[in-house]
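Participant: Before I ask anything, let me first share the structure, which is written out below as structure tokens.
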Amino acid sequence: MKNLKEKIGYGFGDLSSSMFWKIFSYYLPIFYSDVFGLKPQHAAMLLLVTKLYDAISDPVMGIIADRTQTKWGKYRPYLLWIAVPFSVVGVMSFYTPDTTYTLKHVYAYVTYILMMTVYTAINVPYGAMLGVMTDDSKEKSVFSSFRMFFAYIGSFIAMGIFAIFEKSIQGTTRIVDGVEKTVQDVGDAAPMQWTGMVAIIAVLCCIFFILCFLMTREHVKVEPKEKGGSSIKEDIKALVSNGPWWLLLGGGVAILLFNSIRGGAAAYYFSNILGTNAVLTCAVYLFIGEVAQMVGVIFAVPISEKIGKKATFISVLVTVAILSAIVWFLPNTPGGFWALIIIQTLICIAIGINSPMLWSMFADVADYSEWKNGSSSTGLIFSSSSMAQKFGGAFGAFLLMQILAWFSYDKDLTTQAPQTLSAIKALMSWIPSIGAILGLFCLSAYPLTSQKMNEIQGELAVKRSEGKE
């Protein structure tokens, strides 16, 4: 068993990346539309194009990481190499240049593509580390639970910083186009206030990635993919023919589509439906969600050991689909608000239970690949999980901004049109539910049950022992 220091150190990696991931998921849409000044349809296309690029780059990074050889290991060095670029580019992404609309549009594309590039360069190797820190299947689930628990701590920190940010600016005034304007919510904040706030988070991200590097080790030695090993073409062919990988990828896209739509819509929902006085309650709402997900992680291992990883994932998808749909019927009253808080808590507990299982299931897919093809291609397999996040995030952000554009969202209006308000409410309710339901179709056909994985790991243990002789 690996010591507690390594488990905590591994958790620090996702604590870091989750701080930025949460900001990009929850606040980048409203930053681009209300602060940076992009039209909603342009912001929608930007988020789609850049995240699709990022998703496609993930397998490339997985291939590179699989073939990296240093004194620190294959995957761990990237935590040190990319920590500073990750933080610097993150700040650049939330900077608003004082120039023409066209040049700002170009700047947004360049900085966001750069951000997705460095995010891939550090997170794909970080995820693949799970496969080389231990060869014990149960311990991998424990490492994964530590990872996700600390990821929610990172999200909690980011949401806390945003809550302080919102509280500090609310009611202040600033000059916009020569007119004094009272700041009601984060969408009214000055561009440099956003940049300064993100810079604080960026420094923390850099520190925790470096701590992750210092506190962890790669204990499982994987032979380099050089002469005598599988070629890139063979690795990709094995991945494309891996049926469980496709099904799990679909489930991962679905749950992250669900999260990105609901998360991105929350700021619009609280500002436009619950009223501007509810800005701080939005921060509380998101805060509660992060705490609930942390609670869910605690139950992930015992529940999955009792009913299996596949059944756990399916149960989560059914639960969040039903609960999210109920939000559509909630009245705009104090009772409706508290019902929303209860639903948010239950949804986030379910998401917290599922999060470690998704990573652990990708580890199962890597074992399946080794069992079937003789090569696990750990980096390439784990890069697919990152790709799932980005596909889900890309389509979620695109749908969010595009639906707002279709239904005539206008940040300058004090009160949005009735159809716009209905669209915002749908983005918090039945639209993400559809995403979860799509995931059910994928997971229902997923073949790697607990019984099947016991058979596969038993055969792998024999093959590995024979290979050592």
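Participant: Going through segment 24-87, which trypsin sites (Lys or Arg not before Pro) have at most 16 other Cβ atoms within 10 Å and a DSSP loop state?
Facilitator: R67, K71
Participant: Let me ask something additional. May I ask you to compute the full-extension gain from D136 to E459, defined as 0.36 nm times their residue separation minus their alpha-carbon distance, rounded to one decimal in nm?
Facilitator: Length gained, D136 through E459: 114.8 nm.
Participant: Hey, another quick one. Using a Förster distance of 56 Å, how high is the FRET efficiency between I342 and K71, based on the Cβ-Cβ distance and rounded to 0.05?
Facilitator: With a Förster radius of 56 Å, E is 0.60.
Participant: Suppose the chain between T333 and S231 were pulled fully straight at 0.36 nm per residue; how much longer would it get relative to their current alpha carbon spacing?
Facilitator: 30.6 nm is the gain from fully extending T333 to S231.
Participant: While we're on this one: Compute the convex hull volume of the Cα atoms of segment 59-216, divide it by the residue count, and report the result per residue in Å³ as a whole number.
Facilitator: Spelled out: Cα convex hull of segment 59-216, divided by residues, is 122 Å³.
Participant: If segment 274-349 were replaced by its equivalent ellipsoid, with semi-axes equal to the square roots of 5 times the Cα gyration tensor eigenvalues, what would those be, largest first, whole Å?
Facilitator: Here the semi-axes work out to 28, 15, 7 Å.
Participant: Next question, about the same structure. Roughly how many nanometres apart are two label points built 7 Å out from the Cα toward the Cβ at D410 and I326?
Facilitator: With each label placed 7 Å out from Cα toward Cβ, I get 3.7 nm.
Participant: Starting with the fewest neighbours, write out D34, D412 ranked by other beta-carbon atoms found within 10 Å of each beta-carbon.
Facilitator: Listed from fewest to most nearby Cβ atoms, that is D412, D34.
Participant: Normalising by the residue count of segment 41-186, find the relative contact order in percent from Cα pairs under 8 Å and 6+ residues apart.
Facilitator: 22
Participant: With a 10 Å Cβ neighbour count serving as the proxy for reagent exposure, in which order, fewest first, do D58, D367, D136 appear?
Facilitator: Neighbour counts put them in this order, fewest first: D136, D367, D58.
Participant: Can I ask one more? How large is the charge dipole for the chain, taken about the Cα centre, if only the Cβ atoms of Lys, Arg (+1) and Asp, Glu (-1) carry charge, to the nearest 20 debye?
Facilitator: Dipole size: approximately 540 debye.
Participant: Another one. Could you work out how much longer the chain between F441 and K306 gets when fully extended? Use 0.36 nm per residue separation minus the Cα distance between them, nm to one decimal.
Facilitator: Length gained, F441 through K306: 46.3 nm.
Participant: Follow-up. Determine, for V316, V91, the number of other Cβ atoms within 10 Å of each Cβ, and report the residues in order from fewest to most.
Facilitator: V91, V316
Participant: Helix-derived [θ] at 222 nm for the chain: sum -39500 (n - 2.57) over DSSP H runs of at least 4, divide by residue count, nearest 500?
Facilitator: The helix-only estimate for the chain comes to -26500 deg cm²/dmol at 222 nm.
Participant: Can you give the relative contact order of the chain as a percent, counting alpha carbon pairs under 8 Å and 6+ residues apart?
Facilitator: The normalised contact order for the chain reaches 28 percent.
Participant: Considering Cα pairs under 8 angstrom that are at least six residues apart, work out the relative contact order of segment 321-469 and quote it in whole percent.
Facilitator: RCO, segment 321-469: 37 percent.
Participant: Just the ratio, please: alpha-carbon radius of gyration of segment 316-469 over 2.2 N^0.38 Å, N its number of residues.
Facilitator: Working it through for segment 316-469, the quotient is 1.43.
Participant: Moving on to the next point. Evaluate Rg over Rh across the chain, taking Cα atoms for both radii and Kirkwood's formula for Rh.
Facilitator: When Rh is taken as the Kirkwood radius, the ratio is 0.97.
Participant: Still on this structure, please answer the following. Enumerate the residues in segment 1-27 having an amide nitrogen under 20 Å from the point lying 7 Å beyond the Cα of R217 toward its Cβ.
Facilitator: 1-13
No value in this document is a laboratory result; all are computed from the given coordinates. Computed from a prediction, not measured in an experiment: that's the story for all the values here. Methodologically, a virtual Cβ is constructed for each residue, glycine included, from the backbone with ideal geometry; neighbour enumeration extends over all protein chains shown.
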